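Only one structure is covered here, and it is reproduced in the block below.
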Amino acid sequence: MEAWSNSNIGATEGHLTRTHSILEGYAQNVQDYLSQTASPPEERCQYLNELIYLLMEQLADTAIYRHTLKQIRGQILGPSRWYRSELATTQTIDTGFIQLARDTSIPFHDHPGTLGALLILEGSIEVRTYEESQDVTTLGKQATRLKPVDFIRLGTGDSAILLPDQAGIYGIRCIESPCIALEFQVRVDEAAERSWYFPLGASSNNTGSIMAAKVPENLLRSTLAIWD
């Protein structure tokens, strides 16, 4: 299992008022749009992708964005390491930079009750999407069978939208480093606790499926203290 960490490089810096205002405005636009539209997923993703690029233009002009990105680019990542550096968090949106070393994977995880957006600033990644198909017992332990749904590659300048009504379990692997991405999570519905999924092995009954242990985030925090 790769090691990871979460830091608050930008979160403790001053002058966050403008950044918070920009992010809250973006989150409100997302919430309003999703509550009023019945468009197909492809149309919603296209519109929300356009909002991401508009948001980036505004954030790139803020001191906190430039300061945080400069510090991230100055970090040296060890092998099999990834970090998430918080940019800013409000009541409705959580924003941060993700940095990965080559061939490093972020464990499978979900985003219940939120819209997720990912914009690649440098490098390239693979994103694999799964869905839960059933709970099973394997090797004497409770496990969840994950069924593959989608696979995409994203390079510098590409973005991806994870719609809240298309619940999925996502895994990310860096295929070109240094890889830096900007992540947004907008709370749309009453958010349930996020879970992480750690593979136990492939399913013998369904090629491509994965048997995984499902671990609630609070338990992971208390066990590994990875966010300290």
* Long-range HN-HN contacts of residue 101 with modeled amide H, under 5 Å -> 81
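Using a cut-off of 9 Å between beta-carbons, work out the net charge of the residues near residue 95 (Lys and Arg +1, Asp and Glu -1, residue 95 not included). Walk me through the numbers on the way to the answer.
Working: positive: none; negative: 86, 94, 183.
Summing Lys and Arg as +1 and Asp and Glu as -1 gives -3.
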* Structure fact -> For residue 111, other-chain or 5+-apart residues with amide H closer than 5 Å (H placed, Pro excluded) are 168
* Out of residues 5 or more away from residue 211 or on other chains, whose amide H comes under 5 Å of its own, with H placed 1.01 Å from N in the peptide plane? -> 146, 200, 201, 202, 203
* **Whole-angstrom gap from the stretch 155-183 to the stretch 40-82, using each part's C-alpha centre** => 11 Å
* Asked: How large is ³J(HN,Hα) for each residue in the stretch 112-122, as worked out from phi by the Karplus curve 6.51 cos²θ - 1.76 cosθ + 1.60 (θ = phi - 60°), to whole Hz, x for Gly and Pro?
  -> x, x, 10, 8, x, 9, 9, 10, 7, 8, 8
* Which ³J(HN,Hα) values in Hz, rounded to whole numbers, follow from the phi angles of the stretch 84-98 under the Karplus curve 6.51 cos²θ - 1.76 cosθ + 1.60, where θ = phi - 60° and Gly and Pro get x? -> 10, 9, 5, 8, 6, 9, 10, 5, 10, 8, 10, 10, x, 8, 10
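How charged is the neighbourhood of residue 149? Take every other residue with its Cβ under 11 Å from the Cβ of residue 149, and add Lys/Arg as +1 and Asp/Glu as -1.
Numbers: positive: 128, 147; negative: 131, 132, 150.
Overall, the nearby charge balance is -1.
Net charge near residue 124, counting Lys/Arg +1 and Asp/Glu -1 over other residues with Cβ under 11 Å of its Cβ? Walk me through the numbers before you get to the answer.
Numbers: positive: 102, 153, 173; negative: 122, 126, 158, 176.
Neighbourhood net charge equals -1.
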* Structure fact -> Karplus-derived 3J(HN,Hα) from phi for the stretch 39-46 (6.51 cos²θ - 1.76 cosθ + 1.60, θ = phi - 60°), whole Hz, x at Gly and Pro, runs 5, x, x, 4, 5, 5, 5, 4
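We did not get these values from a lab; they are worked out from the coordinates using the rules stated. These numbers come from a predicted model, not from an experiment. Cβ: placed from backbone, ideal geometry, glycine included. Neighbour counts: every protein chain shown.
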